[in-house]
1. Distance cut-off 18 Å, Cα to Cα: go down the list Lys253/Lys303; Lys154/Lys224; Lys11/Lys303; Lys11/Lys293; Lys252/Lys323; Lys384/Lys423 and report the pairs above it.
2. Helix-only mean residue ellipticity at 222 nm, the chain, DSSP H runs n ≥ 4 weighted -39,500 (n - 2.57), per residue, nearest 500. What is it?
3. Students often get this wrong, so check it: of Lys91/Lys234; Lys29/Lys414; Lys167/Lys203; Lys347/Lys419; Lys172/Lys204, which have C-alpha atoms separated by over 18 Å?
4. Output the relative contact order of the chain, whole-number percent, from Cα pairs under 8 angstrom with separation of 6+ residues.
5. When N is the residue count of the range 152-257, what does its C-alpha Rg come to as a fraction of 2.2 N^0.38 Å?
6. Considering the dipole of the range 1-106 built from charges on the beta carbon (Lys and Arg +1, Asp and Glu -1) around the Cα centre, which of Ile16, Gly99, Gln60 is farthest to its positive end?
7. If Lys and Arg each add +1 and Asp and Glu each add -1, what is the summed charge of the other residues whose beta carbon sits under 12 Å from the beta carbon of Tyr10?
8. If each residue's Cβ is checked for other Cβ atoms within 10 Å, how do Leu48, Leu66, Leu195 rank with the fewest at the top?
Amino acid sequence: MMKNFEIYKYKVVEKINFLTTEQREEILKKAGYNLFNISSKYITIDLLTDSGTNTISDLQLSMMMLFDESYAGSESFERFLQATKNFCNKKYIFPVHQGRAAEKILAEIFCKENYYVISNTHFDTGFAIYKYKNSIPINLPTDYALYDNEYPFKGNINLDRLEDILKRESNKVSHIVMTITNNALGGQPVDLDNLIQAYNICKKYNKVFVIDGCRIAENAILYKKIKNLKQSIKEIIHSYTNYCDIFYMSTKKDGIAHMGGFIATDDENLVSHIRKLTILFEGFPSYGGLSGKDMEIIAQGLKEVLDEDYLEERINQVSFLGKLLEEEGIPVVKPFGGHAVFVDAQKFIPSIPPDYLVGQSLVVELYRQGGIRTVEVGTLMYAKDAIRNLVRLAIPRRTYTYNHLVYVAEVFRKIKNSKESLKGFRIISADPLVPHFTSILEPIK
Ligand code: F0G
């Protein structure tokens, strides 16, 4: 029988706040039309991110109580170690406080000035960190990811272009990062075949191959469904992680935790380097910037994320919202991905040019009309490097019900009927490396 309801019941609740449109207009003005500047008490439905916004389970909370905060040799670390090894099948594990800390350590090791860091598509933090190190981040998505079609693996890397760059300029490439799922282009899965071929090409040119696997469990359930496989989620994850030199993960995503991350490898030549930088930047390698409580929550979360019932409901929620929007005639990226619905803002509001931040205009309108917080993934986030102008509706894990998502679709319907009046925004100030986090905007009159 189809389970068309949440597979969890409430144990702890938090009241949701509703404001009037006039109150929200005031708040938007004060926030410089940047939703990162708005207090969560003024938000009705928060779809800004699925990162660290997870609802933890009763078991995670119970395990947290067993915390051991010893600086070295902590039992919480032992449980963390066991769970992370079981999850990604690597020998050496280094905890870090979140994904970008792993990116910083890897950038310290591999990045060189004016060298390329190639990816299927970098997400914002890695992209900014590599630029900060004076490297050149390069995105090589496939053409499928750039237009409307139902190709199931829009997360893939463009193998021809990868080989071409390596053939011509191998000595200018520092390393390759595969983002699984491909967050910036729709939370889309990467095909195992594509990953293996990319790995083999990189090995031919003796390049380090890294997986950013913060949503690899979501990738695994999507892959399993597309290919109609019998294997367990854990087996599928391992068949991906077997093909990389380094696996890193922000456990704020598929760790179903609030904080954390880790770097994993089998390569003994890399271990001392990673260990040293973990000590320098994060903490002793038995905690790496995490408390024992965090490590307990992550250890339990990494077990729960392997549960197929959980993962199935997770992707069902995403496609439920996607289908509701589709029924309203809102252009969305398809097929639906693992953690979010992505709206094609440019197509939805063609009257606003990308230079007037069409995506951010939709983000602001969703808040103004419905108290919904989302994020732009386009010209504001990536400036001239933007591939598409999308708005991401990221669904926090185990947090909202189907009815909350129905409300989101209703707000979209309202916007659809009034979108001709939207004119766009211009940037007054922003840090060029991380513009979407720091920008102050003003409406175009
Ligand atoms: N890699 C990917 C693919 C991510 O989506 C993120 C974060 C990171 C790395 C960095 O991890 O936040 O723990 O430092 N993405 C969040 C998001 C912020 O909203 O998608 P972090």
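All of the numbers you see were taken from the coordinates with simple rules; none came from a lab. A quick note: this is a predicted structure, and the numbers were derived from the prediction, not measured. Neighbour counts run over all protein chains shown; Cβ positions are idealised from the backbone, glycine included.
1. Violating the 18 Å Cα-Cα cut-off are Lys11/Lys303; Lys11/Lys293; Lys252/Lys323; Lys384/Lys423.
2. Computed ellipticity for the chain at 222 nm equals -12500 deg cm²/dmol.
3. Lys29/Lys414, as the Cα separations exceed 18 Å there.
4. Dividing the mean separation by the residue count of the chain yields 23 percent.
5. So the Cα radius of gyration is 1.06 times the expected 2.2 N^0.38 Å.
6. Ranked along the dipole, the leading option is Gly99.
7. So the environment of Tyr10 carries a net charge of 0.
8. Ascending Cβ contact count within 10 Å gives the list Leu66, Leu48, Leu195.
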